[in-house]
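Okay, structure first, notes after.
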Amino acid sequence: MSTICLFGVGRMGEPMCGNLVRAGHEVRAFDVRPERREAALSCGAQSPGSALGAATGADVLLTVLPGPAEVAEAVGDGVLEALAPGAVWIDMSSNTPTAAIPCRERAAAHGHGFLEAPIGGSPEDAAAGRLRLFVGGEAALLDRHRAVLSAVADRLTHVGGPGTGYTAKLLVNLLWFGQAAATAEALLLGDRAGIDLGVLTEVLAESPASSAFIRKDLPALLAGDYLPSFGLDHIRDQLATVTSLAAQLGTPHAIADTVRLLHEEALDHYGPADGELLAVALLEAKAGTLLRHHPPRPAV
């Protein structure tokens, strides 16, 4: 069993903390918000009053934070010095390949390993231990810490070397947000043309145009749920990272640019609110129509 320092006891970090404790690991959780530290105690973890206290002597550092800025702020050299010799830092945040380079270099300078393992899944998936992790880094390092990661995820994919895990997660997000927007446009058009949304949803789900978004997430939208589990500002940042990477590597990115610009417009309209489908809300507002299941019309 490992001694784990966990930074970030939010929507994803709290259920992961509980699963790590139940798996038998010693977990010391820290969050800058006092109420989140109380949540960690409720999970059975220790919750020292400082990041340094949580890190001292730990052989695994897990960061489950919103983005690159939070990761850089949370893990200073003092934290890395406090870890046990030869520890590993596993970053499970929504980070970027470029922003993580200095993290990896600082970990190596202190004699620690570094793995990236960004998360795929919802808070409900985290509670059930059925997350998917996109792991980038040394395969041998992953093998040594597979037991820790398996306590929170049932699917571990070793994508490749440094940077590939973050990139894979960013590409998954690009396609998901793009599919959500394209599906919303199709539904708005179909609804305006007189097709019942329930019928149209069934047609799409059983057609070559089907996607995981249509099969799994569309019912939430049709019930009025914009999935408030991630901030619109962070979504915009992720999409900007994708288009920047494409420009850097010389690949076409016209569709990615369109998805990014839509989310930038949504951010301007709604501000940094939580809602993975707020770009769809913007499309609804432009159309003057809400995508909702309507009750059956009474028989005449």
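Quick notes on this one:
- Test: residue in the stretch 225-236 that is assigned by TED's automatic domain parsing to the domain that holds ALA180, out of contact with any His (no Cβ under 7 Å at 6 or more places or on another chain), within 18 Å of ALA182 (Cβ to Cβ) and not polar (S, T, N, Q): yes
- Any helices (runs of 4 or more DSSP H) falling wholly within the stretch 120-178 and containing at least 2 residues that are in contact with a helix residue (DSSP H, G or I) (Cβ under 7 Å, 6 or more places away or on another chain): 123-128
- Some residue of the stretch 101-110 being part of a loop (DSSP other than H, G, I, E, B) and surrounded by fewer than 23 Cβ atoms within 10 Å (Cβ to Cβ): yes
- Some residue of the stretch 62-82 being of a type outside the set (Lys, Arg), assigned to a loop (DSSP other than H, G, I, E, B), assigned by TED's automatic domain parsing to the domain that holds PRO34 and touching a strand residue (DSSP E or B) at 6+ places or on another chain (Cβ under 6 Å): no
- Hey, ASP274 over 17 Å from VAL172 (Cα atoms), touching a residue at least 24 places away in the same chain (Cβ under 8 Å) and either crowded, with 19+ Cβ neighbours inside 10 Å or assigned by TED's automatic domain parsing to the domain that holds LEU171 (or both) or not: yes
- All positions within the stretch 111-150 that are among the basic types (Lys, Arg) and buried (at least 16 other Cβ atoms within 10 Å of the Cβ): ARG132
- Single unsatisfied condition, GLY190 versus (1) farther than 25 Å from PRO97 by Cβ; (2) part of a helix (DSSP H, G or I); (3) out of contact with any Leu (no Cβ under 8 Å at 6 or more places or on another chain); (4) of a type in the set (Gly, Ala, Ser): (3)
- Condition met for THR243 (in contact with a Lys or Arg (Cβ under 7 Å, 6 or more places away or on another chain), of a type in the set (Val, Ile, Thr) and either assigned by TED's automatic domain parsing to the domain that holds ALA182 or within 21 Å of ALA168 (Cβ to Cβ) (or both)): yes
- Any hit, the stretch 195-212, residues being touching a Lys or Arg at 6+ places or on another chain (Cβ under 8 Å) and under 13 Å from LEU277 (Cβ atoms): no
- Condition check for ALA69: under 23 Å from PRO102 (Cβ atoms) and without any contact (Cβ under 8 Å) to a residue 24 or more places away in the chain: yes
- Number of positions in the stretch 198-221 that are surrounded by 14 or more Cβ atoms within 10 Å (Cβ to Cβ) and either outside the structural domain of ALA180 (by TED's automatic domain parsing) or assigned to a loop (DSSP other than H, G, I, E, B) (or both): 1
- Counted residues, the stretch 222-232 - those being buried (at least 18 other Cβ atoms within 10 Å of the Cβ) and either in a loop (DSSP other than H, G, I, E, B) or at pLDDT 95 or above (or both): 3
The values are calculated or read from the model by the stated rules, or taken from the named source; none is laboratory data. This one's a predicted model, so the numbers in the text were calculated from it and none came from an experiment. With ideal geometry, Cβ positions are generated from the backbone for all residues, glycine too; neighbour counts draw on all protein chains shown.
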